[in-house]
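Report on the structure given below.
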Amino acid sequence: MAFALGDLNILLIEDDLSMRELVRDLLKAFGVGVVRTAVDGSRAYAELRHFTADIVIVDWLMKPMNGLEFVKCVRNADDTPNPYVPTIMLTAYTEFDRVVECRDAGITEFLAKPITPVALYGRIASVIQDQRQYVRSTTYFGPDRRRADRPYIGQDRRASGVVVDID
């Protein structure tokens with residue numbers, strides 16, 4: 001499905017100039033209306049104060065504030081400008097533990113480097129099309145980590161039966 005992205009505001013946080021320009025150019029080629037960039041999480045957080053981003057795309061490894069710290073701050077800080085902004089983590093660190101860490105920090109989508117235009121567009125489309133409710137608990141705030149489009153089949157840990165969701 002193709003989306004008209006002309007009204008979309010995206011904040012891209014990437015410290016590597018080549019990658020920042022590549023992603024920015026892809027976003028412009030997709031027809032994204034406004035793309036703002038920042039080179040680290042602290043500058044991006046300041047940018048969010050006066051730029052209403054519809055989506056944030058953030059790299060993990062940056063200094064002084066990395067992408068994971070940025071997301072935790074956006075989701076949980078008392079002075080956060082928008083705790084509900086959908087966030088796509090863009091990183092070469094794709095080990096299972098790191099993906100889980102991103103999910104548990106409140107990332108909406110995960111995109112592994114090196115990227116392709118199709119993969120980037122797919123994550124943006126997913127954020128637009130598959131909007132998830134936000135959940136707040138004592139240890140987590142962010143998009144619901146369960147995917148509604150994937151029914152659970154397996155052992156139900158709260159009961160002793162097997163749950164199979166059949167239409």
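Report, to the nearest 10°, how far helix 67-76 tilts away from the longest principal axis of the Cα atoms in the chain, using its own Cα long axis and a range of 0 to 90°. Roughly 70 degrees between the two axes. Note on Lys63: lysines with a C-alpha under 21 Å away, same-chain residues under 8 apart excluded, are Lys72, Lys113.
Between Arg145 and Leu17, what FRET efficiency follows from the Cβ-Cβ distance if R0 is 25 Å, with the result rounded to 0.05? Don't skip to the end; give the middle numbers.
Working: r = 33 Å, r/R0 = 1.33.
It comes out at approximately 0.15.
Counting only aspartates and glutamates at least 8 places from Lys28 when in the same chain, those with an alpha carbon closer than 14 Å to its own are Asp7. If you sort the three axes of the alpha carbon gyration tensor as a ≥ b ≥ c, you get a/c under 1.5 for segment 1-130, which makes it rounded. The modelled label-to-label distance for the pair Thr52/Gln131, using points 7 Å beyond Cα in the direction of Cβ, is 1.3 nm. When the Cα positions of Ala92, Val23, Leu68 are compared along the charge dipole of the chain, Leu68 comes out farthest toward the positive end, with charges on each C-beta of Lys, Arg, Asp and Glu.
The long axis of helix 17-29 is offset from the longest Cα principal axis of the chain by roughly 80 degrees. A crude spin-label estimate for the pair Thr80 and Ala112, with each label 7 Å from Cα along the Cβ direction, gives 2.8 nm.
Read-outs throughout are calculated quantities, based only on the coordinates presented, and are distinct from any laboratory measurement. Values in this document were obtained by computation on a predicted structure and should not be read as measured data. Cβ coordinates were reconstructed from backbone atoms using ideal geometry, including for glycine residues, and neighbour counts include every protein chain displayed.
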